[in-house]
Amino acid sequence: MKKEIMNCEKARSLCVVQTLAKLGHFPNRKTEKEAWFLSPFRSETQASFKVSLKKNYWIDFGTFEGGNAIDLVVKLNHCSVKEALTILSNDMRGAYAQQHSFLELEKETGKLVILKVQDIQHQALINYLKARKTPLQIAKRYCKEVWYRNNEKAFFAIGLNNQLNGWELRNKYYKTSTAPKSYSYINNGNENLIIVEGMFDLLSLPILLNKDFHEHDLIVLNSVAFVKRIAFLLKDYTAIKLYLDNDTSGNKATEYLLNVSSITVDCRDIYKGHKDANERLMLWD
């Protein structure tokens with residue numbers, strides 16, 4: 001029997017905190033009146049995403065957007081209200097929470113327990129990469145398929161390891177990260193350096209730049225909050241190219257790095273008119 005899709009009225013009444021939990025996001029802190037999360041829309045180290053428990057309403061203080069469960073799913077998935085209702089009608093955990101007999105690795109990262117790290121092979125993740133126009137061979141070069149447990153449920157995602165051995169985690173339905181959070185540094189011994197903001201910038205630039213990309217070492221900030229922490233690395237290079245987001249935080253981070261080092265160059269013209277490299281790639285014919 002075809003599963004009935006809930007209507008807007010019922011979807012608007014869904015608990016935002018529970019919806020976030022089904023998408024893999026859990027509060028950093030919680031009081032009787034509100035819950036604070038790391039924003040599900042970007043990488044950050046200080047929680048700026050608040051849910052009012054009384055009003056069942058979320059607000060992201062990074063962009064001052066807010067809404068109910070429908071608005072949350074629409075923004076997370078870049079989809080229509082109709083598509084959001086379909087997603088909310090399904091048990092989100094059913095897509096990613098499966099029972100597995102993986103051997104648990106020794107390291108426990110905060111609330112998340114890493115279960116297994118392997119080459120990317122799950123079809124759902126491969127389909128997600130295709131939807132983001134990212135070739136599998138590029139993703140395999142820099143990322144892994146990471147399985148982890150949260151509240152007795154198993155989840156999987158594309159993972160990018162950082163300098164402190166934490167993970168940035170992404171799949172079709174959510175983005176999250178394990179502690180400790182930090183930048184990712186890929187040192188291949190080159191004299192030139194590329195700095196990007198997020199995982200999919202890293203996976204998109206090889207296509208946009210072609211061969212030139214592989215002649216550089218790479219830093220993925222994973223959050224612009226880490227921009228000052230990577231400044232000490234800049235002295236080791238003869239040329240540094242910046243490919244950060246075309247938004248307020250990306251502009252500030254770019255300005256900071258341009259002031260820190262005279263050899264840095266803002267290279268965002270390659271995706272002028274788009275937020276970032278992946279958005280440009282998604283619209284590339």
Exercise. Does at least one position in the stretch 155-162 carry a residue that is modelled with pLDDT under 90 and open to solvent by less than 10 Å² (accessible area, probe 1.4 Å)?
Worked result: yes
Exercise. What pairs come up if the first residue lies in the stretch 199-225 and is charged (D, E, K, R), the second is modelled with pLDDT under 90 and part of a helix (DSSP H, G or I), and their beta carbons are under 6 Å apart, counting only those six or more places apart or on different chains?
Worked result: none
Seminar exercise, completed: Within the stretch 18-55, residues among the charged types (D, E, K, R) and either under 24 Å from His78 (Cβ atoms) or part of a loop (DSSP other than H, G, I, E, B) (or both) come out as Lys22, Glu32, Lys33, Arg42, Glu44, Lys50, Lys54, Lys55
Exercise. From the set of residues in the stretch 204-249 that are aromatic (Phe, Trp, Tyr) and assigned to a helix (DSSP H, G or I), which is nearest to Gly166 (Cα to Cα)?
Worked result: Phe226
Problem set entry | Matching residues in the stretch 227-244 - criterion: being closer than 25 Å to Phe61 by Cα and modelled with pLDDT of 95 or more | Tyr243, Leu244
For this session: Give the residue that is farthest from Asn127 (Cα to Cα), with candidates limited to residues of the stretch 173-187 that are in contact (Cβ under 8 Å) with a residue 60 or more places away in the chain, surrounded by 17 or more Cβ atoms within 10 Å (Cβ to Cβ) and of a type outside the set (Phe, Trp, Tyr).
Result: Lys181
Exercise. Does the stretch 232-260 hold any residues that are over 25 Å from Glu279 (Cβ atoms), buried (at least 16 other Cβ atoms within 10 Å of the Cβ) and hydroxyl-bearing (Ser, Thr, Tyr), and which are they?
Worked result: Tyr237
Problem set entry | Among the candidates Lys133, Lys140, Lys211, residue that is open to solvent by 40 Å² or more (accessible area, probe 1.4 Å), under 18 Å from the mean Cα position of the chain (by Cα), basic (Lys, Arg) and farther than 24 Å from Asn246 by Cβ | Lys140
For this session: Evaluate the following for Val227: is it hydrophobic (A, V, I, L, M, F, W, C) and out of contact with any Gly (no Cβ under 9 Å at 6 or more places or on another chain)?
Result: yes
Problem set entry | 1 or more residues in contact with a Ser or Thr (Cβ under 9 Å, 6 or more places away or on another chain): qualifying strands (runs of 3 or more DSSP E) within the stretch 161-203 | 167-170, 175-177, 192-196
Exercise. Which condition number in (1) crowded, with 18+ Cβ neighbours inside 10 Å; (2) in a helix (DSSP H, G or I) is the one that Asp269 fails?
Worked result: (1)
Exercise. Just for the stretch 54-84: of the residues that are in contact with a Gly (Cβ under 7 Å, 6 or more places away or on another chain) and open to solvent by 30 Å² or more (accessible area, probe 1.4 Å), which one is farthest from Ile5 (Cα to Cα)?
Worked result: Ile59
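The values are calculated or read from the model by the stated rules, or taken from the named source; none is laboratory data. In this text the structure is predicted, and so the values were computed from the model without any measurement. Cβ sites come from the backbone with ideal geometry, for glycine too, and all protein chains shown count toward neighbours. When the accessible area is computed, the model is the full protein with side chains, heavy atoms only, and any ligands, DNA or RNA have been set aside. Shrake-Rupley method; radii C 1.70, N 1.55, O 1.52, S 1.80 Å.
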